[in-house]
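For reference, the structure is listed below as structure tokens.
The values are calculated or read from the model by the stated rules, or taken from the named source; none is laboratory data. Note that this is a predicted model, so its numbers are computed, not measured. Reconstructed Cβ throughout: ideal geometry from the backbone, glycine too, with neighbour counts over all protein chains shown. When the accessible area is computed, the model is the full protein with side chains, heavy atoms only, and any ligands, DNA or RNA have been set aside. Shrake-Rupley method; radii C 1.70, N 1.55, O 1.52, S 1.80 Å.
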Amino acid sequence: MPSAQVLYSFDAYRRAGVNLCLGTDSFPPDLIRCMDLGVHLAKVVDGRADAAPAERYVEAATLGGARALGRSDLGRLEPGARADLVAFRLDDIRDGVQDDPVRTFLLNGTARQATHSVVAGRPVMTDGRIPGVDLVNLRRRAQSLFDRMREAYSERDLRRRGARELFPPTFPPFEEPRP
């Protein structure tokens, strides 16, 4: 879906039997935040507080994705399934008071709260750490690749504007006042 658009209406499509599925490769790059945003946008679009309950977005991110891929071994916990799991912390004061754990997490949390991840029954994250991954080096390399990609935008810009003009800072850089 192009940027700055919203599905009208998540609830109507779901009730019509359309398989809704979620994933993300754009902003925000956090599926939990995307589900939160979707829940709120659906309420605004439909003008109803019950237009898209949190559990429908969780279902779209799990079972809906599995159905879209034609994979009955994904998106569920049952014998024969691949055992792809993720666990999140929900004990930080910033999570707020708890109502329902899924709703509380979806509306207050982020993927940064992940503590454990299992893919096809194999642990890939334990206690928030990914064994064998140098996160400091990975972040440095990722930033370098992003900086190169950002600089290359001017090649695709019709006016050949540079990255500084295409991506200006939110606020001007702070400068010390001169005496």
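Annotations
- Matching residues in the range 131-165 - criterion: being within 30 Å of G75 (Cα to Cα) and open to solvent by 70 Å² or more (accessible area, probe 1.4 Å): P131, G132, D134, L135, L138, R139
- All positions within the range 69-100 that are open to solvent by 80 Å² or more (accessible area, probe 1.4 Å), over 15 Å from E59 (Cα atoms) and of a type outside the set (D, E, K, R): P79, I93, V97, Q98
- Test for G75: is it at pLDDT 90 or above, closer than 18 Å to G17 by Cβ and of a type in the set (G, A, S): no
- Residue in the range 147-169 that is within 20 Å of the chain's Cα centre (by Cα) and at pLDDT 90 or above present: no
- One residue alone among A54, A12 is among the small types (G, A, S), buried (at least 16 other Cβ atoms within 10 Å of the Cβ) and at pLDDT 85 or above, and that residue is A54.
- Filter pass, G38 being under 24 Å from P123 (Cα atoms) and within 17 Å of the chain's Cα centre (by Cα): no
- Of all residues in the range 20-50 being among the charged types (D, E, K, R) and open to solvent by 60 Å² or more (accessible area, probe 1.4 Å), the one that is nearest to L90 (Cα to Cα): R33
- Residues of the range 113-123 satisfying the condition of being hydrophobic (A, V, I, L, M, F, W, C) and open to solvent by 40 Å² or more (accessible area, probe 1.4 Å): V119, A120
- Flag for R103 being open to solvent by 60 Å² or more (accessible area, probe 1.4 Å), in contact (Cβ under 8 Å) with a residue 60 or more places away in the chain and outside any loop (DSSP other than H, G, I, E, B): no
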